[in-house]
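Here is the structure we will look at.
The values are calculated or read from the model by the stated rules, or taken from the named source; none is laboratory data. Everything numeric here is computed off the predicted structure, so don't read it as measured data. Reconstructed Cβ throughout: ideal geometry from the backbone, glycine too, with neighbour counts over all protein chains shown.
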Ligand SMILES: Cc1cc2nc3c(=O)[nH]c(=O)nc-3n(C[C@H](O)[C@H](O)[C@H](O)COP(=O)(O)OP(=O)(O)OC[C@H]3O[C@@H](n4cnc5c(N)ncnc54)[C@H](O)[C@@H]3O)c2cc1C
């Protein structure tokens, strides 16, 4: 067991840090305030391979282990969790398309997606099917060589600004076994978008509903086989949960670093804040919990890389733990900044707003507990 990163892994992280410092740091606050989706900066991330970090080489992805991908996402999220989180969703959808897409789909979109020239959305949630995603109602009916799609999705990240939709729709009976996955052009006739949602955070990426009204897609756009869609969606989310957890860890590291600096700079009662033991203890707890969260995420990533039987459970544990810790560390860092932490002049309030949603999406933290508890109570798991 080696807890040290290799030289190559440190180099990945360094490249990502330099990229985020140059391309995200000067603009992240403005993208948040003005609600700008920074497609050009995302395309620049794509030039470095960051839009297809673990996508297969058959679509020109880097095919990196998940653990290595977390190193890149963490550095970018320390500066801009919102934009980085979108990039992680794009990576997840691109990996699904590259892994289960047939030749037609991979040739049409693969390299465009891994390069970041085109972007993808992951479309599972519906207005009436959130935590119970297996109850989704959007239908895809095979008619000759095409599927006819009708229904609607809610809360879709990037919607209206992306090029490809990775869509879960019902081709069979009720429940998860009746769901299939598809890749389709985001501007196909019959696809329409709702208004851009007003959100607490994640303002550098749009969130919209999507409506499908008699949308026709070639049967070759099915990912995997009919009925396999929910399994594919959950496989995507195993990695997605590691990615979102990583975004929380990165944001928390950014917040912790800011707090450390501030405790030295700010003087009250004639002394730097760093001299007050109550604040030292708070900082120590923040760092301790953050290190534990990072190790948990890396453990889950390595389980996924190794194809461990309980990998999904570890991903759920890591997502629950790291997103709770990440939010709390950002919030404590804001508190350590006093009133200045509440002003948007400092990045703390943005980090708090951006990390809050990580406890909700890609499966809420309650649903993560459902997954973990179910596995533990089955009696066959080897979670330790
Ligand atoms: C900004 C944003 C971006 C998103 N992006 C995407 C995206 O790109 N693609 C996509 O498909 N979805 C996306 N989502 C949707 C997200 O995954 C869902 O919001 C989430 O899964 C929760 O579903 P819900 O909102 O319907 O909540 P509900 O399922 O209605 O849950 C409400 C509350 O009840 C709790 N609850 C529900 N069932 C149980 C249970 N069995 N036991 C205990 N507690 C339970 C939940 O934890 C939650 O606290 C996004 C959401 C947001 C806010």
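The rows are residues; the columns are (1) away from the ligand (no atom under 16 Å from the Cβ); (2) in contact with a helix residue (DSSP H, G or I) (Cβ under 8 Å, 6 or more places away or on another chain); (3) at pLDDT 95 or above.
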{"position": "61", "(1), (2), (3)": "yes, yes, yes"}
{"position": "78", "(1), (2), (3)": "yes, yes, yes"}
{"position": "87", "(1), (2), (3)": "no, yes, yes"}
{"position": "112", "(1), (2), (3)": "yes, no, yes"}
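Would you check which residues across the range 143-160 are in contact with a helix residue (DSSP H, G or I) (Cβ under 7 Å, 6 or more places away or on another chain) and either part of a strand (DSSP E or B) or farther than 22 Å from residue 224 by Cα (or both) and list them?
First, pick out the residues of the range 143-160 that are in contact with a helix residue (DSSP H, G or I) (Cβ under 7 Å, 6 or more places away or on another chain): 145-147, 157-158.
Hits for the range 143-160 are 146, 147, 157, 158.
Residue 220 fails exactly one of the following numbered conditions: (1) within 24 Å of the chain's Cα centre (by Cα); (2) outside any loop (DSSP other than H, G, I, E, B). What is the number of that condition?
(1)
Got at least one residue in the range 260-270 being touching a helix residue (DSSP H, G or I) at 6+ places or on another chain (Cβ under 7 Å), surrounded by fewer than 23 Cβ atoms within 10 Å (Cβ to Cβ) and under 28 Å from residue 1 (Cβ atoms)?
No - not one qualifying residue is present in the range 260-270.
I want to confirm something. Restricting to the range 362-384 and keeping residues that are in contact with a helix residue (DSSP H, G or I) (Cβ under 9 Å, 6 or more places away or on another chain) and more than 16 Å from residue 321 (Cβ to Cβ), which single residue is farthest from the ligand (Cβ to nearest atom)?
381
Quick check: anything in the range 112-119 surrounded by 19 or more Cβ atoms within 10 Å (Cβ to Cβ) and touching a strand residue (DSSP E or B) at 6+ places or on another chain (Cβ under 7 Å)?
Yes, because at least one residue in the range 112-119 is surrounded by 19 or more Cβ atoms within 10 Å (Cβ to Cβ) and touching a strand residue (DSSP E or B) at 6+ places or on another chain (Cβ under 7 Å).
Any residue at all in the range 63-81 that is surrounded by fewer than 24 Cβ atoms within 10 Å (Cβ to Cβ), more than 25 Å from residue 4 (Cα to Cα), touching a residue at least 12 places away in the same chain (Cβ under 8 Å) and over 15 Å from the mean Cα position of the chain (by Cα)?
No - not one qualifying residue is present in the range 63-81.
Which of the residues that make up the range 104-127 are assigned by TED's automatic domain parsing to the domain that holds residue 38 and without any contact (Cβ under 8 Å) to a residue 40 or more places away in the chain?
Within the range 104-127, 107, 108 meet the criteria.
Tell me which residues, restricted to the range 161-192, are more than 23 Å from the chain's Cα centre (by Cα) and not in a strand (DSSP E or B).
Within the range 161-192, the subset more than 23 Å from the chain's Cα centre (by Cα) is 170-175, 177-178, 187-192.
Listed by number, the residues that qualify are 171, 172, 173, 174, 175, 177, 178, 187, 188, 189, 190.
So the check is Cβ under 6 Å with 6+ separation or different chains; which pairs have a first residue in the range 202-221 that's farther than 30 Å from residue 351 by Cα and a second one that's part of a loop (DSSP other than H, G, I, E, B)?
Pairs found: 213/190; 214/190; 215/188; 215/190; 219/145; 220/102.
Is there a residue in the range 263-281 that is at pLDDT 95 or above and on the phi > 0 side of the Ramachandran plot? Don't jump to the end; show me each part of the working.
As a first pass, look at the range 263-281 and keep what is at pLDDT 95 or above: 263-281.
Going one step further and asking which of them are on the phi > 0 side of the Ramachandran plot, we end up with 269-270.
Yes, the range 263-281 has at least one match.
So which residues in the range 161-206 are surrounded by fewer than 16 Cβ atoms within 10 Å (Cβ to Cβ), within 11 Å of the ligand (Cβ to nearest atom) and closer than 28 Å to residue 115 by Cα, if there are any at all?
Answer for the range 161-206, where residues must be surrounded by fewer than 16 Cβ atoms within 10 Å (Cβ to Cβ), within 11 Å of the ligand (Cβ to nearest atom) and closer than 28 Å to residue 115 by Cα: just 197.
For the range 360-384, give me the residue count where each residue is within 24 Å of residue 155 (Cβ to Cβ) and either more than 17 Å from the chain's Cα centre (by Cα) or buried (at least 19 other Cβ atoms within 10 Å of the Cβ) (or both).
The first filter runs over the range 360-384 and keeps only residues within 24 Å of residue 155 (Cβ to Cβ), leaving 360-372.
Keeping just the survivors that are either more than 17 Å from the chain's Cα centre (by Cα) or buried (at least 19 other Cβ atoms within 10 Å of the Cβ) (or both) gives 361-363, 366, 368-372.
Residues meeting the conditions: 9.
If you go through the range 124-146 one residue at a time, do you hit one that is within 21 Å of residue 190 (Cβ to Cβ), within 8 Å of the ligand (Cβ to nearest atom), at pLDDT 95 or above and crowded, with 18+ Cβ neighbours inside 10 Å?
Yes: the range 124-146 contains one or more residues that are within 21 Å of residue 190 (Cβ to Cβ), within 8 Å of the ligand (Cβ to nearest atom), at pLDDT 95 or above and crowded, with 18+ Cβ neighbours inside 10 Å.
Quick one: how many residues across the range 178-217 are under 26 Å from residue 100 (Cα atoms) and either at pLDDT below 95 or touching a helix residue (DSSP H, G or I) at 6+ places or on another chain (Cβ under 7 Å) (or both)?
Result for the range 178-217: 6.
Being modelled with pLDDT of 95 or more and either farther than 30 Å from residue 30 by Cα or assigned by TED's automatic domain parsing to the domain that holds residue 66 (or both) narrows it down to one residue among 293, 311; which is it? Give the derivation first.
Details: 293 fails: either farther than 30 Å from residue 30 by Cα or assigned by TED's automatic domain parsing to the domain that holds residue 66 (or both).
After ruling out the rest, the residue left standing is 311.
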